[in-house]
Amino acid sequence: TWRSNSHFPTVIKGGFVPVRVRVWMRVAFLTVFTSFSVVIPLGTPPHNAGASTPLTASWTSSSLLNPPARYGASMVYDPAIGNVVLFGGGGGSGYLNDTWTWTGTTWSQLSPAVSPPARAYASMVYDAATGNVVLFGGTGSSGELNDTWIWNGISWSEAFPASSPSAREGASMVYDAATGNVVLFGGDNLGSNFGDTWIWNGSTWSQASPATTPSARSDASMVYDATTGNVVLFGGFGNGINPYFGDTWKWDGTTWTQLSPTTSPSAREGASMVYASGEAVLFGGAGVNGITNDTWIWNGSTWSQASPATSPSARYGAPMVFDALTGVVLLFGGDGGGAGTS
(Lines give C-alpha, C1' and ligand atoms only; values in the text may rest on other atoms or scores of the structure.)
Protein backbone atom coordinates (compact mmCIF):
# COMPACT_ATOMS: atom_id res chain seq x y z
CA THR A 1 0.00 0.00 0.00
CA TRP A 2 0.94 3.65 -0.29
CA ARG A 3 0.62 6.42 2.31
CA SER A 4 1.07 10.10 1.61
CA ASN A 5 1.18 12.92 4.13
CA SER A 6 3.16 15.51 2.20
CA HIS A 7 3.41 18.90 3.84
CA PHE A 8 4.13 20.72 0.59
CA PRO A 9 1.33 22.57 -1.22
CA THR A 10 1.04 22.53 -4.97
CA VAL A 11 2.37 25.74 -6.45
CA ILE A 12 0.01 26.69 -9.27
CA LYS A 13 1.72 28.42 -12.19
CA GLY A 14 -1.10 27.98 -14.67
CA GLY A 15 -3.79 25.50 -15.63
CA PHE A 16 -3.04 22.14 -17.14
CA VAL A 17 -2.03 22.34 -20.78
CA PRO A 18 -1.44 19.49 -23.24
CA VAL A 19 1.65 17.65 -22.11
CA ARG A 20 3.67 18.24 -25.28
CA VAL A 21 3.28 22.00 -24.94
CA ARG A 22 5.65 21.77 -21.99
CA VAL A 23 8.56 21.11 -24.36
CA TRP A 24 8.88 24.82 -25.07
CA MET A 25 6.63 26.35 -22.40
CA ARG A 26 7.59 24.41 -19.27
CA VAL A 27 8.56 27.30 -17.07
CA ALA A 28 5.62 29.50 -17.99
CA PHE A 29 2.78 27.03 -17.71
CA LEU A 30 3.68 24.20 -15.36
CA THR A 31 2.20 23.37 -12.05
CA VAL A 32 5.26 22.75 -9.91
CA PHE A 33 4.45 19.72 -7.81
CA THR A 34 6.73 18.61 -5.04
CA SER A 35 6.58 15.88 -2.47
CA PHE A 36 9.12 13.44 -1.16
CA SER A 37 7.84 9.94 -0.69
CA VAL A 38 9.61 6.95 0.77
CA VAL A 39 8.66 3.33 0.22
CA ILE A 40 9.23 1.56 3.53
CA PRO A 41 9.53 -2.26 3.40
CA LEU A 42 7.15 -3.83 5.88
CA GLY A 43 8.60 -6.67 7.90
CA THR A 44 11.59 -7.16 5.59
CA PRO A 45 15.26 -6.23 5.96
CA PRO A 46 16.97 -3.94 3.45
CA HIS A 47 17.16 -5.54 0.01
CA ASN A 48 20.01 -5.65 -2.41
CA ALA A 49 19.33 -4.28 -5.89
CA GLY A 50 19.45 -7.74 -7.39
CA ALA A 51 17.47 -9.57 -4.73
CA SER A 52 14.68 -11.82 -5.93
CA THR A 53 12.26 -11.27 -3.06
CA PRO A 54 9.53 -8.80 -4.10
CA LEU A 55 9.47 -5.54 -2.16
CA THR A 56 6.52 -5.23 0.22
CA ALA A 57 6.02 -1.56 0.83
CA SER A 58 3.91 1.43 1.69
CA TRP A 59 4.40 5.10 0.92
CA THR A 60 4.97 7.88 3.40
CA SER A 61 6.17 11.47 2.97
CA SER A 62 9.19 13.08 4.56
CA SER A 63 8.50 15.82 7.09
CA LEU A 64 12.14 16.87 7.09
CA LEU A 65 13.81 19.78 5.32
CA ASN A 66 13.51 18.91 1.63
CA PRO A 67 15.01 20.53 -1.46
CA PRO A 68 12.80 23.39 -2.73
CA ALA A 69 9.84 22.55 -4.96
CA ARG A 70 10.82 21.58 -8.50
CA TYR A 71 10.05 19.48 -11.57
CA GLY A 72 12.38 17.70 -13.98
CA ALA A 73 15.11 17.02 -11.39
CA SER A 74 17.68 14.27 -11.93
CA MET A 75 18.18 11.75 -9.12
CA VAL A 76 20.27 8.59 -8.71
CA TYR A 77 21.55 6.32 -5.95
CA ASP A 78 25.34 6.51 -5.68
CA PRO A 79 26.59 3.32 -3.99
CA ALA A 80 30.15 4.67 -3.89
CA ILE A 81 29.09 7.14 -1.19
CA GLY A 82 25.95 5.32 -0.02
CA ASN A 83 23.68 8.31 -0.66
CA VAL A 84 21.05 9.41 -3.13
CA VAL A 85 22.18 12.37 -5.25
CA LEU A 86 19.73 14.94 -6.67
CA PHE A 87 20.64 17.64 -9.17
CA GLY A 88 18.81 20.59 -10.69
CA GLY A 89 15.33 20.76 -12.16
CA GLY A 90 12.99 23.69 -12.71
CA GLY A 91 11.18 25.73 -10.10
CA GLY A 92 9.34 28.97 -9.56
CA SER A 93 12.58 30.95 -9.95
CA GLY A 94 13.65 29.17 -13.13
CA TYR A 95 16.16 26.41 -13.79
CA LEU A 96 18.25 25.08 -10.90
CA ASN A 97 21.77 23.68 -10.57
CA ASP A 98 21.89 22.76 -6.90
CA THR A 99 23.22 19.40 -5.69
CA TRP A 100 21.65 17.55 -2.75
CA THR A 101 22.28 14.21 -1.05
CA TRP A 102 19.86 12.03 0.90
CA THR A 103 21.49 9.89 3.59
CA GLY A 104 18.40 7.82 4.34
CA THR A 105 17.33 10.20 7.08
CA THR A 106 18.36 13.71 6.03
CA TRP A 107 18.70 15.92 2.94
CA SER A 108 21.86 18.04 2.75
CA GLN A 109 22.67 20.67 0.15
CA LEU A 110 26.24 20.46 -1.08
CA SER A 111 28.49 23.28 -2.27
CA PRO A 112 30.78 21.82 -4.96
CA ALA A 113 33.37 24.20 -6.40
CA VAL A 114 32.07 23.55 -9.93
CA SER A 115 28.54 22.57 -11.03
CA PRO A 116 26.81 21.94 -14.36
CA PRO A 117 24.77 24.90 -15.66
CA ALA A 118 21.19 25.02 -14.39
CA ARG A 119 18.80 22.68 -16.22
CA ALA A 120 15.79 20.38 -16.06
CA TYR A 121 15.03 16.99 -17.62
CA ALA A 122 18.68 15.95 -17.79
CA SER A 123 19.56 12.25 -17.94
CA MET A 124 21.57 10.97 -14.97
CA VAL A 125 22.76 7.50 -13.96
CA TYR A 126 25.38 5.80 -11.77
CA ASP A 127 28.08 4.23 -13.93
CA ALA A 128 29.20 1.19 -11.95
CA ALA A 129 32.13 0.56 -14.30
CA THR A 130 33.78 3.86 -13.35
CA GLY A 131 32.23 4.42 -9.92
CA ASN A 132 30.95 7.84 -10.94
CA VAL A 133 27.59 9.46 -11.67
CA VAL A 134 27.13 10.58 -15.29
CA LEU A 135 24.82 13.45 -16.28
CA PHE A 136 23.91 14.29 -19.87
CA GLY A 137 21.95 17.07 -21.56
CA GLY A 138 18.64 18.52 -20.46
CA THR A 139 17.13 21.93 -21.11
CA GLY A 140 18.29 25.25 -19.65
CA SER A 141 17.97 28.95 -20.24
CA SER A 142 19.94 28.65 -23.49
CA GLY A 143 17.87 25.72 -24.79
CA GLU A 144 18.61 22.02 -25.09
CA LEU A 145 22.06 20.83 -24.03
CA ASN A 146 24.43 18.00 -24.96
CA ASP A 147 27.19 18.35 -22.39
CA THR A 148 28.42 15.45 -20.24
CA TRP A 149 29.28 15.87 -16.57
CA ILE A 150 30.82 13.53 -13.97
CA TRP A 151 30.06 13.49 -10.24
CA ASN A 152 32.75 11.70 -8.21
CA GLY A 153 30.95 11.94 -4.88
CA ILE A 154 32.59 15.25 -3.98
CA SER A 155 32.60 17.52 -7.01
CA TRP A 156 31.40 17.91 -10.60
CA SER A 157 33.71 17.99 -13.62
CA GLU A 158 32.79 18.37 -17.27
CA ALA A 159 33.83 15.61 -19.65
CA PHE A 160 34.80 16.44 -23.21
CA PRO A 161 34.15 13.23 -25.18
CA ALA A 162 35.24 12.92 -28.80
CA SER A 163 31.61 12.41 -29.83
CA SER A 164 28.25 13.01 -28.17
CA PRO A 165 24.52 12.67 -28.82
CA SER A 166 22.96 15.85 -30.16
CA ALA A 167 21.41 18.35 -27.74
CA ARG A 168 18.23 17.03 -26.14
CA GLU A 169 16.06 16.74 -23.05
CA GLY A 170 13.94 13.84 -21.80
CA ALA A 171 16.33 11.12 -23.00
CA SER A 172 16.13 7.75 -21.21
CA MET A 173 19.42 6.55 -19.73
CA VAL A 174 20.45 3.52 -17.64
CA TYR A 175 23.54 1.54 -16.72
CA ASP A 176 23.54 -1.82 -18.50
CA ALA A 177 25.24 -4.18 -16.07
CA ALA A 178 25.38 -6.96 -18.67
CA THR A 179 27.69 -4.92 -20.93
CA GLY A 180 29.23 -2.53 -18.42
CA ASN A 181 28.13 0.49 -20.41
CA VAL A 182 25.62 3.32 -20.04
CA VAL A 183 22.79 3.23 -22.62
CA LEU A 184 20.91 6.34 -23.75
CA PHE A 185 17.83 6.32 -25.96
CA GLY A 186 15.77 9.05 -27.61
CA GLY A 187 14.90 12.46 -26.25
CA ASP A 188 13.50 15.70 -27.63
CA ASN A 189 14.72 19.01 -29.04
CA LEU A 190 11.99 21.64 -29.47
CA GLY A 191 9.35 19.10 -30.44
CA SER A 192 11.56 16.91 -32.64
CA ASN A 193 11.99 13.46 -31.12
CA PHE A 194 14.96 11.14 -31.48
CA GLY A 195 15.04 7.37 -31.95
CA ASP A 196 18.77 6.83 -31.66
CA THR A 197 20.71 4.65 -29.22
CA TRP A 198 24.02 5.79 -27.74
CA ILE A 199 26.62 4.04 -25.58
CA TRP A 200 28.84 5.70 -22.96
CA ASN A 201 31.92 3.59 -22.20
CA GLY A 202 33.28 5.79 -19.42
CA SER A 203 35.21 8.15 -21.65
CA THR A 204 33.22 8.80 -24.85
CA TRP A 205 29.89 8.33 -26.58
CA SER A 206 29.33 6.10 -29.62
CA GLN A 207 26.11 5.65 -31.57
CA ALA A 208 24.82 2.09 -31.83
CA SER A 209 23.29 0.69 -35.02
CA PRO A 210 20.70 -1.85 -33.86
CA ALA A 211 18.81 -3.94 -36.42
CA THR A 212 15.51 -2.86 -34.87
CA THR A 213 14.67 0.07 -32.64
CA PRO A 214 11.71 1.74 -30.92
CA SER A 215 10.23 4.64 -32.85
CA ALA A 216 11.45 8.14 -32.04
CA ARG A 217 10.23 9.38 -28.64
CA SER A 218 11.08 11.28 -25.50
CA ASP A 219 10.26 10.81 -21.81
CA ALA A 220 10.15 7.02 -22.02
CA SER A 221 10.65 4.96 -18.84
CA MET A 222 13.73 2.73 -18.84
CA VAL A 223 15.46 0.46 -16.31
CA TYR A 224 17.98 -2.35 -16.24
CA ASP A 225 16.20 -5.59 -15.31
CA ALA A 226 18.76 -7.64 -13.37
CA THR A 227 16.44 -10.66 -13.42
CA THR A 228 16.57 -11.00 -17.22
CA GLY A 229 19.84 -9.18 -17.85
CA ASN A 230 18.19 -6.77 -20.29
CA VAL A 231 17.31 -3.10 -20.40
CA VAL A 232 13.53 -2.56 -20.47
CA LEU A 233 11.88 0.50 -22.04
CA PHE A 234 8.22 1.46 -21.78
CA GLY A 235 6.11 4.17 -23.38
CA GLY A 236 7.13 7.75 -24.08
CA PHE A 237 5.96 10.61 -26.24
CA GLY A 238 6.28 10.88 -30.02
CA ASN A 239 4.92 12.92 -32.87
CA GLY A 240 1.67 12.13 -34.64
CA ILE A 241 -2.07 11.86 -34.12
CA ASN A 242 -1.66 9.36 -31.27
CA PRO A 243 1.54 10.61 -29.65
CA TYR A 244 1.63 8.50 -26.49
CA PHE A 245 3.27 5.08 -26.58
CA GLY A 246 2.29 2.02 -24.53
CA ASP A 247 4.78 -0.45 -25.99
CA THR A 248 7.46 -2.46 -24.15
CA TRP A 249 10.95 -3.06 -25.57
CA LYS A 250 14.11 -4.78 -24.39
CA TRP A 251 17.75 -4.02 -25.21
CA ASP A 252 20.10 -7.01 -25.08
CA GLY A 253 23.30 -5.06 -25.64
CA THR A 254 23.10 -5.39 -29.42
CA THR A 255 19.58 -4.70 -30.60
CA TRP A 256 16.07 -3.75 -29.50
CA THR A 257 13.21 -6.26 -29.51
CA GLN A 258 9.56 -5.33 -29.03
CA LEU A 259 7.81 -7.51 -26.46
CA SER A 260 4.17 -8.60 -26.44
CA PRO A 261 3.04 -8.80 -22.80
CA THR A 262 -0.51 -10.01 -22.17
CA THR A 263 -1.31 -6.83 -20.22
CA SER A 264 0.27 -3.39 -20.22
CA PRO A 265 -0.14 0.03 -18.62
CA SER A 266 -2.01 2.56 -20.74
CA ALA A 267 0.06 4.64 -23.15
CA ARG A 268 1.91 7.43 -21.34
CA GLU A 269 5.03 9.53 -21.01
CA GLY A 270 7.06 10.60 -18.02
CA ALA A 271 6.21 7.62 -15.80
CA SER A 272 8.60 6.89 -12.93
CA MET A 273 10.19 3.44 -13.12
CA VAL A 274 12.77 1.69 -10.97
CA TYR A 275 14.09 -1.86 -10.53
CA ALA A 276 13.91 -3.03 -6.93
CA SER A 277 14.11 -6.46 -5.35
CA GLY A 278 13.51 -8.57 -8.44
CA GLU A 279 10.88 -6.51 -10.23
CA ALA A 280 10.42 -3.21 -12.03
CA VAL A 281 7.90 -0.79 -10.54
CA LEU A 282 6.25 1.87 -12.70
CA PHE A 283 4.26 4.75 -11.25
CA GLY A 284 2.19 7.55 -12.77
CA GLY A 285 2.86 9.41 -16.01
CA ALA A 286 0.73 11.45 -18.40
CA GLY A 287 -1.40 10.18 -21.29
CA VAL A 288 -4.36 11.04 -23.40
CA ASN A 289 -6.65 10.91 -20.35
CA GLY A 290 -4.43 13.17 -18.26
CA ILE A 291 -2.00 12.56 -15.43
CA THR A 292 -2.19 9.23 -13.57
CA ASN A 293 -1.17 7.72 -10.25
CA ASP A 294 -1.49 4.02 -10.97
CA THR A 295 1.19 1.46 -10.09
CA TRP A 296 2.35 -1.38 -12.34
CA ILE A 297 4.78 -4.26 -11.87
CA TRP A 298 6.99 -5.79 -14.59
CA ASN A 299 8.10 -9.33 -13.72
CA GLY A 300 10.33 -9.87 -16.72
CA SER A 301 7.63 -11.13 -19.08
CA THR A 302 4.39 -9.23 -18.44
CA TRP A 303 2.83 -6.29 -16.62
CA SER A 304 0.35 -6.50 -13.75
CA GLN A 305 -1.43 -3.61 -12.09
CA ALA A 306 -1.02 -3.25 -8.36
CA SER A 307 -3.93 -2.13 -6.18
CA PRO A 308 -2.43 -0.23 -3.24
CA ALA A 309 -4.80 1.10 -0.60
CA THR A 310 -3.32 4.57 -1.00
CA SER A 311 -0.98 6.18 -3.53
CA PRO A 312 0.93 9.39 -4.16
CA SER A 313 -1.23 11.83 -6.08
CA ALA A 314 -1.03 11.93 -9.87
CA ARG A 315 2.20 13.24 -11.43
CA TYR A 316 4.66 12.75 -14.22
CA GLY A 317 8.37 13.45 -14.60
CA ALA A 318 9.15 12.55 -10.98
CA PRO A 319 12.59 10.97 -10.41
CA MET A 320 12.43 7.67 -8.53
CA VAL A 321 15.36 5.54 -7.33
CA PHE A 322 16.04 2.47 -5.23
CA ASP A 323 18.23 3.25 -2.21
CA ALA A 324 20.09 -0.03 -1.77
CA LEU A 325 21.61 1.04 1.54
CA THR A 326 18.29 1.49 3.32
CA GLY A 327 16.18 -0.81 1.13
CA VAL A 328 13.62 1.84 0.21
CA VAL A 329 12.40 3.43 -3.01
CA LEU A 330 12.40 7.22 -3.09
CA LEU A 331 10.14 9.39 -5.24
CA PHE A 332 10.75 13.13 -5.38
CA GLY A 333 8.74 15.98 -6.90
CA GLY A 334 7.31 15.87 -10.41
CA ASP A 335 4.61 17.76 -12.26
CA GLY A 336 0.96 17.39 -11.29
CA GLY A 337 -0.51 19.78 -13.85
CA GLY A 338 -3.90 20.82 -12.55
CA ALA A 339 -4.52 17.40 -11.07
CA GLY A 340 -4.57 18.21 -7.37
CA THR A 341 -2.33 18.93 -4.40
CA SER A 342 0.51 17.05 -2.80
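Ignoring any ligand, DNA or RNA, what whole percent of the accessible area of region 242-342 comes from carbon and sulfur when the probe is 1.4 angstrom?
Carbon with sulfur: 50 percent of the solvent-accessible area.
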Expected unfolding gain across Ala128-Val114 under the 0.36 nm per residue rule, minus the alpha-carbon gap, is 2.8 nm
Here the Cα Rg-to-2.2 N^0.38 Å ratio for region 256-325 is 1.11
Cα gyration tensor of region 145-203 diagonalised, 5x eigenvalues square-rooted, in angstrom largest first, produces semi-axes 20, 15, 10
Region 102-157 -> Rg/Rh from Cα coords, Kirkwood Rh, value 0.99
Per the 1/(1 + (r/R0)^6) rule, R0 = 41 Å and r from the Cβ atoms of Ser206 and Asn97, FRET efficiency to 0.05 is 0.90
Classified through the alpha carbon gyration tensor (a ≥ b ≥ c as square roots of its eigenvalues; rounded if a/c is under 1.5, else prolate when a/b is larger than b/c, else oblate), region 66-151 comes out oblate
The equivalent-ellipsoid semi-axes of region 203-247, taken as the square roots of five times the Cα gyration tensor eigenvalues and listed largest first in whole Å, are 22, 16, 10
Diffusion coefficient in µm²/s returned for region 101-203 by Stokes-Einstein, Kirkwood Rh over C-alpha pairs, 4 °C and 1.567 mPa s, is 90 µm²/s
Quick calc, region 92-200, dipole around Cα centre from Cβ unit charges on Lys, Arg (+) and Asp, Glu (-), nearest 20 debye, gives 140 debye
Scoring region 81-205 by relative contact order with C-alpha pairs under 8 Å, at least six apart, yields a percentage of 18 percent
Here the equivalent ellipsoid of region 185-342, derived from its Cα gyration tensor, has semi-axes (largest first, whole Å) of 24, 20, 16
If R0 = 35 Å, then Ala80 and Ala178, at their Cβ-Cβ distance, give a FRET efficiency to the nearest 0.05 of 0.95
The correct pair for region 67-112, radius of gyration to one decimal and Dmax as a whole number, both in Å and from Cα atoms, is 10.6, 32
Expected vector for region 197-204, Karplus 3J(HN,Hα) from phi with 6.51, -1.76, 1.60 and θ = phi - 60°, integer Hz, x for Gly and Pro, equals 10, 10, 10, 9, 9, x, 9, 8
For region 187-339, the dipole about the Cα centre with charges only on Cβ (Lys and Arg +1, Asp and Glu -1), to the nearest 20 debye, works out at 100 debye
Note: region 121-272, point scatterers on Cα, Debye, no solvent; log10 I/I(0) at q = 0.21 Å⁻¹ equals -1.42
Subtracting the Cα-Cα distance of Ser166 and Thr257 from 0.36 nm times their residue separation yields 30.3 nm
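The values are calculated or read from the model by the stated rules, or taken from the named source; none is laboratory data. Please read all numbers here as calculations on a predicted model, not as lab measurements. Every residue, glycine among them, receives a Cβ derived from its backbone with ideal geometry; neighbour counts consider all protein chains shown. The protein model used for the area step is the full one, side chains on, heavy atoms only, and it has no ligands, DNA or RNA in it. Shrake-Rupley method; radii C 1.70, N 1.55, O 1.52, S 1.80 Å.
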